[in-house]
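The structure appears right after this line, and notes come after that.
Coordinate-derived values only; no laboratory data. All values derive from a computational prediction rather than experimental measurement. When we count neighbours, we look across all protein chains shown, and the Cβ atoms used for this are built from the backbone with ideal geometry, even at glycine.
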Amino acid sequence: MIPVAFDYVKAGSVDEAVAALAAGGEDAKVLGGGQSLMPVLRLRMNAPSVLVDVSRIDELRAVTDEGGSILIGAGVTTYEVMHHEAIKAGAPLLSRAAGEVADPAIRHRGTFGGSCTHADPAGDLPTVARCLDAEFVIAGPGGRRTVGAADFFVDYFTTAVGVDEVLVAVRVPKLGDGWGFDYQKFHRTAQSWAIVGAAAAVKVEGGTIAEARVALTNVASSPHRATATETALTGGPATADAIAAAAESAADGTNPTSDTHADAEFRQHLARVLTKRAVSNAAGL
Amino acid sequence: MTATDERTDGPAIGRPMRRKEDARLLTGRTNWTDNIQLPGTLWMATVRSPVAHARITAIDTSAALAAEGVVHVYTGADFPDLAGSTCVWPVTDDIQTAVMPAICKDVVKFAGDVVAIVLATEKYLAADAASMVDVDYDPLPAVVDMELALAEGSTIVHPEFGTNRTYTAKMPCGDYEAVRAKADRVVKRRFINQRLIPNTMEPRAVVAAPAVGMSDEITIWTSSQIPHVLRVLLALVTGIPENNLRVVAPDVGGGFGAKLQINREEVLAVVLAQKTGRPIKWVEARSEHFVSTHHGRDQIQDIELAVTNDGTILGMKVELLADMGAYLQIITPGTPLLGMFMYSGIYKMEALDFTCTGVYTNKTPTDAYRGAGRPEATYAIERIVDEAAAELGIEPLELRKKNWIKHEEFPYTQIAGLTYDTGNYEAATARALELFGYDELRAEQKARRDAGDTVQLGIGISTFTEMCGLAPSRTLGALNYVAGGWEHCTIRALPTGKIELITGTSPHGQGHETAWSQIASDIIGVPVEDIEVVHSDTGRAPYGMDTYGSRSLAVGGQAIKVAGERLVEKARLIAAHQLEVSPDDIEFSQGTFAVKGDAEKSLTLQALAFEAFRAHNLPDGLEPTLAGESTVDPIDFSYPHGTHLAAMEVDTETGQVTLRKYVAVDDCGVQINPMIVDGQVHGGLAQGIAQALYEGALYDSEGQLLTGSMGDYLLPSAADLPSFITDQTVTPSTTHPLGTKGIGEAGAIASTPAIINGVVDAIRHLGVNDVFMPASPQNVWRAIQNAKGGQA
């Protein structure tokens, strides 16, 4: 690893982090678990003036059951998301998807907040956050604000978090009773990124799908809600045929990239197949 | 897996002993080249071309020269005549040889070619300064595709040749046209054996220290498989006298052929150590490795198999295009020809018509990679046999049995002229079928097909042999290879009775320290732990031809045996003299020389070592010191074989392939350490399976490598592979005095066709008869879609 020289500040609080970012100017970068930033530095694709280390801020490492939601500190590791009792109970889809992220070494260092702010369209946890309508608590020089998932993910590697801001926590609403869920990650090796992923949560009442949410990984510049499929599912029967028919529209509105693992056409095909499988599993079929 | 055996009595050969090396390696008490820190070192950083083909119009080094810590910046103008590598295998008389320059002067020929180097006092400062060297490129069209490269009007990589054709080598065996004319069917396929990028855990690295004091010797530590060969080649390329070069390969973290090379970075480190009088150090970054360490495979194979309706193979035609990349390195042109003799595999046939054309492209040079030519050959024959079976409607195993060499027919001279000494394909196959549960899996396959399951099952077969143990020197000479294929061993009994075994092999993960000790222990009767294996340092182990081509045991093992026997014979003379009997009356057993019929009168080898050292009482005319040495030229190659079976599941909706079960029954003759054999097979399987399912270098039309990181170039981990079921049959070699055969490459050679045969078998009923490697989900899905559309 041969990065360009940079300064380093270890922040003791969110306020200290915000102040350090302000002092560092637009080339300052937040360092959390480092699982996205370090490869970028190693390849000299980025030359930050200062790294503001937020990994030891207590507030960022807290998990709080708020009753109707779970507030997860941005610095909570992927491993903790997998295993924390409150998250497993309140946001089991998130725990389930966390187990699909990379490998154990990366899950122990990488953070939920880091995955969201990095906003790689191939990231698993942003898709689940989008599926569950999570909210993002952001701190900046002007104080704190909360942004919904639909507005948080802006574009490739771009979120609503400004250069002078820090993501503090993610609020994940609980689904409540009667919901089933699944996350289908499609990739070539255990450690590799999702070629496509599908997160589904459905509420089945008396054989009918009362509510449905489907979000897709790596089919657009940011996590994509398959709204046509959601609409087609809602109010329909929880049967294999109905789900398969609804999943046919899963790729509508997507704009996937082509790369060495898959081209856009194949990604759209996978979006349909994985949506069918995820919804079927979520519906208990 | 093989259980370990830590007993200390009885023969050491054949025992699955824990490796001597492992405690040191596992606890980090290692000496990688990057761990070598010499005072006053200058770090070397390379400036590499970002484009595949361009004229260099200007280089501005002023900013880099002014940067902190920078001592020198060099460009091609500083070394206009210095080669960066050399080719030792001009395979034909009319071959067009393009030598890689140490630093490009006028034109860059692949993305990753070196245009400048920086020397600085620190690693980070060298990297910073390298990014400040400003190079102007005038782009030229890139030659990427081999067939386009040979087409009329193509850009020429090396204009002085007027063609991109490097050579065409032909080997007609028998009369193929005649057997083709009498065949009922000619099965034709085009296979693409894709370009691979070898990835060792330790990337390349070199430290070169200038001569100091009374010595003119430059010492080079390098992460290499070939310290001995490299010493000769560095002398030839740099002009520095060979006796002033000492090459050491310290702990080396894997090679797989990628470190069977003379690299421009090594050449430059040596020359600059001499020029600056300071140690020069270079350690490759992984991203640098992807573009600049030589690549492997990369062949287009047009294959024909002429058969009769009853399934008799009559002959085979092989037409290869082999991508050389931009320059010829150590054995670039010869690598595809290492497979030339292996296209008939284990099968009898009347004719084999082989042609290979090497092609220059604007890509990283290719060279040896685990198996080097034989994986490509084995892939072609094992794939085409399956295709012939499908076209003829014959069970693929039955077709193989009908045509393979029967065990009672050995020694057998096959169509390409090799004489296989021994083999028992029936036994290995029978054992593999038993471990695999072949009939049950065929039944499950049928049930899934009948039910139209989304996930289909296929069975892949590979009944392979290979030629390794490179090689009889005269044979190499006949193939235009410039060097020989012998190996050396010296065994020295030190005055205290400890043993130094000096080998010319150069291990980089294979466990030679343990296995060589086991062999010597049985021959000279000294415990394994009292034997120190000295290797990979031309200062301490001056003679050797190093480690590649599964040659270390196959050739080097012979030298160990003879050296040990010579040591014992000398010790016997001393024992006889001191015990006052004739040498014929001395019995040697387990390290003790005793008078026949009077076991009380005896001397141990340790005692005789001291006698030989002090020389107070030696026979008249016998020289002091106790050692035995041998340099062995093998009488033939080594021909291990085996039967591998793979159960492949294919999700027909997504193209996702899952390896469910893998059985490998290998026959490498007598095994010195079965646990090491198992380890070699496991690692080889992972690499061969990786070619089938995961790995593949991709370039765009501009010659840019698209798979330049671990994110794009996928390597499997343990999580992606099942627990392999491995077993052995033992058919001793008759050309090796220990009965052993090479095993280093077998797993990588056998497994690739087993996997692809299994994938194709799973979806053949959908109309598929081939799948591009790697069999990625997209490639498999496309194959199914194309078959549906009638395009397959």
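The table that follows gives values for the structure above.
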{"quantity": "For B:K788, B:K561, order by how many other beta-carbon atoms lie within 10 Å, fewest first", "calculated": "B:K788, B:K561"}
{"quantity": "Residue exposure sequence - B:D251, B:D134 - by fewest surrounding Cβ within 10 Å", "calculated": "B:D134, B:D251"}
{"quantity": "Acute angle (nearest 10 degrees) that the helix A:264-282 long axis makes with the longest principal axis of chain A, alpha-carbon atoms", "calculated": "70 degrees"}
{"quantity": "Chain B: relative contact order in percent, alpha carbon pairs under 8 Å with at least 6 residues between", "calculated": "15 percent"}
{"quantity": "Estimated vicinal HN-Hα couplings, Hz - segment B:460-473 in sequence order (Karplus 6.51, -1.76, 1.60; Gly, Pro = x)", "calculated": "x, 10, 9, 10, 10, 9, 8, 10, 9, x, 6, 5, x, 4"}
{"quantity": "Segment B:148-210, Rg to Rh (Cα coordinates; Rh as Kirkwood inverse mean 1/r)", "calculated": "1.19"}
{"quantity": "Where only alpha carbons of segment B:204-309 are counted, the Rg and the Dmax (Å)", "calculated": "18.2, 77"}
{"quantity": "Diffusion constant of segment B:265-319 at 10 °C, which comes from Stokes-Einstein with the Kirkwood Cα-pair radius and 1.306 mPa s, µm²/s", "calculated": "98 µm²/s"}
{"quantity": "Computed Kirkwood radius, in angstrom, where 1/r is averaged over Cα pairs of segment A:149-285", "calculated": "15.6 Å"}
{"quantity": "Expected 222 nm ellipticity per residue - DSSP helices of 4 or more, -39500 (n - 2.57), all of chain A, to 500", "calculated": "-9000 deg cm²/dmol"}
{"quantity": "Given charges at beta-carbon only (K, R positive; D, E negative), |dipole| of chain B in Debye", "calculated": "260 debye"}
{"quantity": "Whole-number percent relative contact order across segment A:133-285, with pairs defined as alpha carbons under 8 Å at least 6 apart", "calculated": "21 percent"}
{"quantity": "Distance cut-off 29 Å, percentage of C-alpha pairs in segment B:633-792 lying past it", "calculated": "30 percent"}
{"quantity": "Hits among aspartates and glutamates - C-alpha to C-alpha of A:K276 under 13 Å, sequence gap 8 or more where chains match", "calculated": "A:D182, A:E230, A:D241, A:E248, B:E653"}
{"quantity": "Using alpha carbons only: equivalent-ellipsoid semi-axes of segment B:99-245, gyration tensor based, whole Å", "calculated": "42, 25, 17"}
{"quantity": "Acute angle (nearest 10 degrees) that the helix A:14-24 long axis makes with the longest principal axis of chain A, alpha-carbon atoms", "calculated": "60 degrees"}
{"quantity": "20 °C / 1.002 mPa s Stokes-Einstein diffusion coefficient of the protein assembly as shown, Kirkwood radius on C-alpha pairs, µm²/s", "calculated": "67 µm²/s"}
{"quantity": "Footprinting exposure proxy for B:V248, A:V172 (fewest neighbouring C-beta atoms within 10 Å first)", "calculated": "B:V248, A:V172"}
{"quantity": "Set of aspartates and glutamates with alpha-carbon distance to B:K401 below 14 Å, sequence-local pairs under 8 removed", "calculated": "B:D310, B:E382, B:D386, B:E409, B:E426"}
{"quantity": "Relative contact order for chain A, counting Cα pairs under 8 Å that sit 6 or more residues apart, in percent", "calculated": "15 percent"}
{"quantity": "Lysines whose Cα lies under 30 Å from that of B:K570, excluding same-chain neighbours fewer than 8 positions away", "calculated": "B:K20, B:K498, B:K561, B:K596, B:K601, B:K741"}
{"quantity": "Around A:A194: net Lys/Arg minus Asp/Glu count, Cβ-Cβ under 9 Å", "calculated": "-1"}
